[in-house]
Amino acid sequence: MSTIFLYNQVDVLEREESGSVRAVWTLQEADIGLQTGNETETVLRRLNLRIGEGECIAVVGRNGSGKSTLLRALGGLAIAPVTGGKLMREQDEELLVRMVFQNPDAQLVGETVYEDIGFGLENRAVPPPQMPERVRSALAAVGLDVPPDRPVESLSGGQKQLLCIAAALATGAQVLLLDEPTSMLDPEAKRDVLRVMRKLHQEGATIVWTTQAMDEIGAAGRVIALQDGSVAFDGTPERFLYGSEGDTAGSEEACPCLKVGLRLPYAVQVAQRLLRSGIMLSARPVDNGGLLKAVTDKWR
Ligand SMILES: Nc1ncnc2c1ncn2[C@@H]1O[C@H](COP(=O)(O)OP(=O)(O)OP(=O)(O)O)[C@@H](O)[C@H]1O
């Protein structure tokens, strides 16, 4: 029988079945704190969320809204304890969870690509003869075409971020928590990381990532927006950017993205102008690729 673990407490609970997709995390009225020194300040209150296996979720919100705190709590880090309610996690070896942080330099541990990925493998007691193949396939999974003996310091920021993701995958992680993984990257490197995230998700990985870049949430199947210590929105990127009525006026009232104080991505602003001028589009684009497709479909 499968079980879930009650985070920051010791009980092991029987898993609740809910549909065919099992929950990786279930939060019930969960208060989540942030440990600073000896103090714990409650940052998020009474969260009710179910995060299913295979989901790809963008957690968004303005500076200080608690995105990183939520991610740390999901990752089970002591710095973000559950101070009330419950946060339960599926306990299954196949659902190994790994975190990747904003600044790759702060988490790379090896001097070479091989050493960096190998560090996690050693910690997982992977037999040394299996390591070269595990390193090779992790690099291939993220499309990082560099020799394993390449010094880490010679990689670009985007390559370093991909290396961090590869190191997580090499350990067998099927669940990735990525804290603003693209915020320090140039546009090309950001596209590479998003492409890899999409690919991993299509291959079955569960991905939760935080971002303030609304032009990247099209990679998600679900957006969770935080505001004033709670969940202000939970739904699809389209609904987050256009509202439930597919609003084309871009009014703050109708648009969850504007309501939580975030800017609409350029592609959505352009689409809204086109729609307002009476140009019908086949879909509501959420990013530049979608806008290009909607426009070329129109005049094909
Ligand atoms: N080291 C810290 N010491 C004290 N307070 C902190 C610390 N880190 C975060 N906080 C506070 O905790 C709250 C939540 O911060 P958190 O980093 O989770 O938000 P965030 O949405 O990820 O923000 P950002 O987008 O700026 O990274 C904020 O009020 C923030 O000021």
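The values are calculated or read from the model by the stated rules, or taken from the named source; none is laboratory data. Values in this document were obtained by computation on a predicted structure and should not be read as measured data. All Cβ positions, glycine included, derive from the backbone under ideal geometry; neighbour counts span all protein chains shown. To get the accessible areas, we keep the full protein, side chains included, count just its heavy atoms, and leave off ligands, DNA and RNA. Shrake-Rupley method; radii C 1.70, N 1.55, O 1.52, S 1.80 Å.
Data table
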| read-out | value |
| --- | --- |
| The chain - percent of accessible surface contributed by carbon and sulfur, probe 1.4 Å | 48 |
| Fluctuation leader among SER282, SER244, SER65 - the chain, Gaussian network, Cα springs under 10 angstrom | SER282 |
| Residue-span extension gain [GLN130 to ASP105] - 0.36 nm each, minus C-alpha spacing | 6.3 nm |
| Label-point separation, LEU292 to ALA254 (7 Å along Cα→Cβ), nm | 2.9 |
| Cα gyration tensor category, rounded, prolate or oblate, for the stretch 23-231 with a/c compared to 1.5 | prolate |
| Average accessible surface area per residue within the chain, 1.4 Å rolling probe, Å² | 48 |
| Length released on extending from ALA140 to ASN63, taking residue separation times 0.36 nm less the Cα-Cα span | 24.3 nm |
| Distance between the stretch 215-289 and the stretch 110-135 - C-alpha centres, whole angstrom | 42 |
| Karplus-derived HN-Hα couplings along the stretch 260-265 (A = 6.51, B = -1.76, C = 1.60, θ = phi - 60°), whole Hz, x at Gly and Pro | 8, x, 10, 8, 6, x |
| Three-way shape call for the stretch 179-300 based on the alpha-carbon gyration tensor, with the a/c threshold at 1.5 | oblate |
| Estimated dipole of the chain in Debye, rounded to 20 [Cβ of Lys and Arg +1, of Asp and Glu -1, Cα centre] | 940 |
| Rounded FRET efficiency, nearest 0.05, which uses the C-beta distance separating SER244 from LEU95 and R0 of 25 Å | 0.15 |
| ARG198-THR236 pseudo-label distance in nm [points 7 Å out on the Cα-to-Cβ vector] | 1.7 |
| Extension reserve of the ARG300-THR36 stretch, reckoned as 0.36 nm per residue once the Cα distance is removed | 89.3 nm |
| Gaussian network model of the chain, springs between alpha carbon atoms under 10 Å - residue of ARG22, ARG263, ARG273 with greatest fluctuation | ARG273 |
| Reachable lysines from LYS190, criterion Cα separation under 24 angstrom, eight or more residues apart if same chain | LYS67, LYS160, LYS199, LYS293 |
| Label point distance in nm, ASN123-ALA283, each placed 7 Å from Cα along Cα→Cβ | 3.8 |
| MRE, 222 nm, helices only [DSSP H, n ≥ 4, -39500 (n - 2.57), over the chain, to nearest 500] | -9000 deg cm²/dmol |
| Under Karplus coefficients 6.51, -1.76 and 1.60, residue-wise ³J(HN,Hα) of the stretch 176-185 in Hz, glycine/proline x | 10, 10, 10, 9, 6, x, 10, 5, 9, 10 |
| Inter-centroid distance (Cα atoms) of the stretch 77-98 relative to the stretch 172-211, Å | 20 |
